[in-house]
Every structure is written in structure tokens, then in C-alpha cells.
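> Below is a structure I'd like to ask you about.
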Amino acid sequence: MDPDIVRPMPRDDDLDPVDWRILRQLQDDASITNKELASRVGLPTSSCHERVRRLRTLGVITSVRAVVDPAAIGRGLQAFVAVQLRPHRRELVEAFTVAVLALPETLALYTVSGPDDFFLHVAVADSAHLHRLIVDHLTTRPEVGHAQTHLIFDRPMTAPVRPTR
């Protein structure tokens, strides 16, 4: 899909029940074959393939990825770091974003509203690694005014996107 082409975002009610069954199956396990997916949602394989292609074209399905368990690669401690920037100038926000996304410990960076500007999700080996990350890579940045760490004790509890109607 070409990122420069602007497409109207589909609405929840633009998707029919079969589209939602396809999305649910792919959210549970995107590695299944088209033949298996078609069987699970009750469609011929060619129709199923066409619907998945349409969902990609519409931007409903944006990517398919492998989820790596950070603990399995020696990064068993995860945290959210709430970051406040000072001052709020575009070039500083962009510099912070580029620098933080380049860190190997970064899993995700969220821009948020409220007293904090970003939530940084990181995975590290241990508390000493987390401390080094914060002291050496976050608080030394001139645009970082404040950083507050929240340890994550459990795996993420997620739910698939479902129709709202």
C-alpha cells in the first residue's frame, strides 16, 4: 500500500459481519493460511483472499508481524516511562522521537495528552539496565524535563478490535 495515497478511513459500520469474522481470526493468529481462514469464516478461498486484500487496501489491516517475547531474549523487565518535554518546539519533539525510537530497548512510543507528552514502553534486562537507560539516554537529553518510570508486572492484557454495534 502506498503511504502517500490518502484514502478515506472506513467506519465501523462499513465492515460487514464476514469482514469482522475475518479480522477476528487474523487478530487471533495472522499466520494461518488463506485456506484455513476461509474455512473458519465460511467462504470460498478466492472470496476470502479478495476480502483480505480489500481490508488491506482500505487500511483496516495495516501490517502482519511476529510478536517477540522480550523475556525470551533476555529483556524480562518492562516499564512505561512517562516523559515531559521542555520546551515544546517541533525540532525538539522530532529530535526526541528519533533518538528514543533508535534505542534497542524501545518497544513503543505513544504521544499522549495530559501532564506527560509521551509514554515510552521499554524492555530491559534488569533494574540496573533500566537505570542506565533513564540516566544515560533519557534524562541527559536537553528536551526532557521530567521522566517518571512505571514498572510493568504482567503481560499486556489486550483485546481484539471488535465492532461497536
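> Any idea how far apart residue 34 and residue 49 come out in nm if each label point goes 7 Å out from Cα toward Cβ?
With each label point 7 Å from Cα toward Cβ, the separation is 0.3 nm.
> For every other residue with a beta carbon closer than 13 angstrom to the beta carbon of residue 25, add +1 if it is Lys or Arg and -1 if Asp or Glu, then tell me the sum. Don't skip to the answer; put the middle values down first.
Values: positive: 21, 24, 35, 40, 51, 162; negative: 19, 28, 29, 36.
Around residue 25, the surrounding residues sum to +2.
> So how exposed is residue 127, as accessible area in Å² (1.4 Å probe, rounded to 10)?
Here the residue's solvent-accessible area equals roughly 90 Å².
> Which value, in debye to the nearest 20, describes the size of the charge dipole of the chain about its Cα centre when Lys and Arg Cβ atoms bear +1, Asp and Glu Cβ atoms bear -1, and nothing else is charged?
So the dipole magnitude of the chain works out to roughly 360 debye.
> Moving on to the next point. Using modelled backbone amide H atoms (1.01 Å from N, in-plane), which distant-in-sequence or interchain residues come within less than 5 Å of residue 60's amide H?
For residue 60, no residues qualify.
> Using the Cα centre of region 70-157 as the reference point, and only Cβ charges (+1 on K/R, -1 on D/E), how large is the resulting charge dipole? Debye, rounded to the nearest 20.
Details: 7 positive and 9 negative charges, 5 e Å.
Charge dipole, region 70-157, about its Cα centre: 20 debye, nearest 20.
> Identify the chymotrypsin sites (Phe, Trp or Tyr not before Pro) of region 112-165 meeting these criteria: DSSP loop state and at most 15 other C-beta atoms within 10 Å of the C-beta.
Values: sites: 118, 119, 153; in loops: 153.
Of the chymotrypsin sites (Phe, Trp or Tyr not before Pro), the ones in loops of region 112-165 whose Cβ has at most 15 other Cβ atoms within 10 Å are 153.
> Could you check the simple spin-label distance between residue 165 and residue 16, using points 7 Å along Cα→Cβ, in nm with one decimal?
Distance between the two pseudo-spin positions: 1.2 nm.
> Can you tell me the orientation of helix 90-101 relative to the chain, as the angle in degrees between its alpha-carbon axis and the longest Cα principal axis, to the nearest 10?
Helix 90-101 sits roughly 80 degrees off the main axis of the chain.
> Could you give the length gained on full extension between residue 127 and residue 108, defined as 0.36 nm per residue of separation minus the Cα-Cα distance, in nm? If you can, show how the numbers build up before the last one.
Details: separation 19, 0.36 × 19 = 6.84 nm, distance 1.90 nm.
Once the chain is fully extended between residue 127 and residue 108, it gains 4.9 nm.
> What is the chain's relative contact order, in percent, from Cα pairs under 8 angstrom and six or more apart in sequence? Working shown, then result.
Numbers: 175 pairs, mean separation 43.2, N = 165.
It rounds to 26 percent for the chain.
> Also, quick follow-up: Using a cut-off of 14 Å between beta-carbons, work out the net charge of the residues near residue 141 (Lys and Arg +1, Asp and Glu -1, residue 141 not included).
On the way: positive: 86, 89; negative: 91, 94, 117, 136, 143.
Every neighbour counted, the sum reads -3.
> Taking the solvent-accessible surface of protein heavy atoms with a 1.4 Å probe, what is the per residue accessible area of the chain in Å²?
Details: 11020 Å² over 165 residues.
Result: 67 Å² of accessible area for each residue.
> Under 18 Å from a point placed 7 Å out from the Cα of residue 72 along the Cα-to-Cβ direction: which residues of region 19-39 have their backbone N that close?
27-32
> Return one number: the angle in degrees, 0 to 90 and rounded to the nearest 10, between the long axis of the Cα atoms of helix 17-28 and the longest principal axis of the Cα atoms of the chain.
So the inclination is approximately 50 degrees.
> Can you tell me the orientation of helix 45-57 relative to the chain, as the angle in degrees between its alpha-carbon axis and the longest Cα principal axis, to the nearest 10?
Roughly 40 degrees, rounded to the nearest 10.
The values are calculated or read from the model by the stated rules, or taken from the named source; none is laboratory data. The model shown is predicted, which means the values in this text are computed figures rather than measured ones. Here the Cβ is made from the backbone with ideal geometry for all residues, glycine too, and neighbour counts use every protein chain on show. Only protein heavy atoms, including side chains, enter the accessible area calculation; ligands, DNA and RNA are left aside. Shrake-Rupley method; radii C 1.70, N 1.55, O 1.52, S 1.80 Å.
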